[in-house]
1. Between B:R66, B:R62, which is more than 14 Å from chain A (Cβ to nearest Cβ) and modelled with pLDDT of 90 or more?
2. Restricting the search to the stretch A:214-241, which residues are surrounded by 19 or more Cβ atoms within 10 Å (Cβ to Cβ), of a type outside the set (A, V, I, L, M) and modelled with pLDDT under 90?
3. Does B:L95 satisfy the criteria of being modelled with pLDDT under 95 and either within 12 Å of chain A (Cβ to nearest Cβ) or in contact with a Lys or Arg (Cβ under 9 Å, 6 or more places away or on another chain) (or both)?
4. If I go through the stretch A:165-185 residue by residue, how many of them are in contact (Cβ under 8 Å) with a residue 40 or more places away in the chain, at the interface with chain B (Cβ under 7 Å from one of its Cβ atoms) and in contact with a helix residue (DSSP H, G or I) (Cβ under 6 Å, 6 or more places away or on another chain)?
5. Of all residues in the stretch A:197-245, how many are under 25 Å from A:K17 (Cα atoms) and aliphatic (A, V, I, L, M)?
6. Which one is nearest to the other protein chains (Cβ to nearest Cβ), of the residues in the stretch B:69-81 that are touching a residue at least 24 places away in the same chain (Cβ under 8 Å) and surrounded by fewer than 24 Cβ atoms within 10 Å (Cβ to Cβ)?
7. Do we have A:A188 as over 17 Å from A:R291 (Cβ atoms), part of a helix (DSSP H, G or I), of a type outside the set (D, E, K, R) and within 14 Å of chain B (Cβ to nearest Cβ) here?
8. Since B:D88 meets every condition but one in (1) touching a residue at least 40 places away in the same chain (Cβ under 8 Å); (2) in a loop (DSSP other than H, G, I, E, B); (3) charged (D, E, K, R); (4) more than 11 Å from every other protein chain (Cβ to nearest Cβ), which condition does it not meet?
Amino acid sequence: MRAMLLILAQDLRRRSKDSTLLVFAIVLPLGMAFMFDLVIGGSEGPVAARYGAVGASPFPSSPALPPVVPVASEQEARELVERGRLDAVFVTGPGSIHVIGSVDAPIAVQVAREIAESAALPLPGPPPIEIVEDATAATRELDPATHYAAGSAVFFMFFAVLFGFTGLYAERSSGTLARLLAAPVPRASVAAGKLLSGLLAALAGMAVLVGATSLLMGARWGHPAGVAALCVACVLAAMGLSAFVASFARTAEQAATWQSVMATAFGLLGGSFFPVGSWFVQLTPHHWFLRGLADLHGGASPLPSLAVLLGVAALTLPFAARLVRA
Amino acid sequence: MSALLEVVGLRKRYKDIVAVDGLGFAVHEGETYGLLGPNGAGKTTAISMIVGVLDADAGEIRVAGRAPDLATRAMVGYVPQQLALYPDLTARQNLRFFSGMYGMRRAQARTRIAEVLELIGLSDRADHAVATYSGGMSRRLNIGVGLLHRPRLLVMDEPTAGVDPQSRTSILDSVQRLTGEGLAVLYTTHYMEEAERLCDRVGIVDHGRMLTEGTPSELGDPDLESTFLRLTGRALRD
C-alpha cells in the first residue's frame, strides 16, 4: 500500500510539471466547447418565435406552442413587424388568412406560413393527430452548452488518459519500471500506482471542466453525485479500452497511435460534437456518458449508462496488467 | 561457503528464440561472480529473471536458500544496464523515492542516502537534476540506487558501459570495497580486464548456455580474452 501511494505521489508530482497534459485535459476541451457552443449551439437556448394575430389566432391553445399577441389591425401588425417587436403576424379575415413576416426571421416566418396553410385547409371530422406533450422526452436532452461542454470533456479525457499510458511506456524504455519490478513490491501495487495517477489526472481535468463550463458557459451538468459517478465510470472505461488496445501493440509508438485512432473514432462516432444516428453510437463510451448526463438532466436514472461504462471497464481494465512488464 | 544465489536449469524462450537454455551457476557470500558472454548471449535475460523482472519458463532460482519472493527481493540490489533513473529529479530525490520502494523509514533513509552519496562521490551534486549529470555521474548514481538498501547480493549488468576511465576506476574500486565488506556480486561485463581484476570466479555463456566456469586464472590460458574468443568465436554478433 505504502509503495503504491509513493508511486502514485511520484507520478502525480511529475505529471503536474507536464504542460502537454494540462493542454489536453483542460485547455483544448474548454476551447472546443466554447467554439462549438458559439458557432453551432449559441448560449441562449432554443429559438423563441414571437407571433401576433389580427383576428382569431390559428394556433390551438397549448402551453407547448408560443403565445400569440393580439394585434388590433393590419396597420399595427406591419409596424410591430417592421420595428422587430414581432417575427410574424397572422391576419385572419372572412375566408382568408395571410402572414406578415419579418425578413430578419426567416425560420419563424416559414413556420407561420405552414401554420397558416394548415389552418386554411380544415379537415372534416375530428383532428387526425392528437398532440401529446411528453415532458420527460423534452427534458432528457442536454442544452447545447452542456452538450458541447460534456462532449469536449469526454473526447479529450481519452487523450488525457493516453498520456498516463505514455508515462508508463517512458518508464519501461528508461528502465525505471524494471527497477520498480525488481523491488520488494507486489506487481499489482506498481500497476495500481501507475493507473491511479492516470485516473486522478483525468478526473481532475474533468472536474475543472465541469466547474469552468458551468461558470463560463452556463452548462447544466446535473446533480453533482450523478455527474461524479458518470465521470469516474467513463474514465475507468477509457483507461480499460486504452489498455486493451495497447496490450496488442508491439511498441510504445504503435500503442500510442492505436490509442489516438480509437479516441478520435469513438469521439466522433459517439456524438461528442455532432449527433450520430446509427446503432454504432451505442458501442462508444461517449454515447453512454452523454446519455447518462441527459438522463440526469431529465430526472431519469443514469444507472443504465453507469452499468454499461463500468461493465466496459471491468472487461478491459485487466489488460492493463499486461502493460506493467519490463 | 554457502551459496547466496543458486541458479539451476534456467530457461526462457521468446517465440522462436531460446534466450536462456538451461543456465546454472551459484554465487557465494562475499564472492564476485562474473557472467561473461558476447552480445545476445542471454546474460541480461538471465539477470532479469534472477531479480524478478522477468518470469522464467523453467528452472530454479534460490536466494539464500529460498524460492524468490518479496523477502528475497529485499536481499538483492539491482543495477540495470540502462540508467534507470528519473532525469527530472535530483540524485537525492531519486534515492529517496527508491528507498521508499525498499520500505526504508524516513530517518533511516536520510542517513543511508548521505552514506551512498558519499560512496559514489555525488554528495556535492546531490541536489542537482540528474538530467544535468555526465554519463559517469549517472552510472555512479545507478549503482548507488542498487546499494541503497544494503543488499546481500548486488546484481550488476554491465555497470561500466560507456563511461570514461576515471569513472570506471571509481566504480571498480567501489565494487572491490563492497565485496571486501562481505557483499556478494553477480557482475556482467564485456571487459575481460574488469573480470580479471574483480571476479573470484567467472562463467562464460553463449546462446543461453554455460560454456565454462572457473577462476580467471584457471580459464586465463594465456589470458581470459583468448579463452573467451576461443569459446564464443570471432564472428560479429551485432
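The values are calculated or read from the model by the stated rules, or taken from the named source; none is laboratory data. Computed from a prediction, not measured in an experiment: that's the story for all the values here. No Cβ is skipped: glycine too gets one built from the backbone with ideal geometry, and neighbour counts run over all protein chains shown.
1. So the residue among B:R66, B:R62 that is more than 14 Å from chain A (Cβ to nearest Cβ) and modelled with pLDDT of 90 or more is B:R62.
2. Hits for the stretch A:214-241 are A:W221, A:G222.
3. No; evaluated as a whole, the condition is false for this residue.
4. Residues that pass the stated criteria total 3.
5. Looking only at that region, the number is 18.
6. Among those residues, the one meeting the criterion is B:A74.
7. It is true that A:A188 is over 17 Å from A:R291 (Cβ atoms), part of a helix (DSSP H, G or I), of a type outside the set (D, E, K, R) and within 14 Å of chain B (Cβ to nearest Cβ).
8. Of everything listed in (1) touching a residue at least 40 places away in the same chain (Cβ under 8 Å); (2) in a loop (DSSP other than H, G, I, E, B); (3) charged (D, E, K, R); (4) more than 11 Å from every other protein chain (Cβ to nearest Cβ), B:D88 misses just condition (4).
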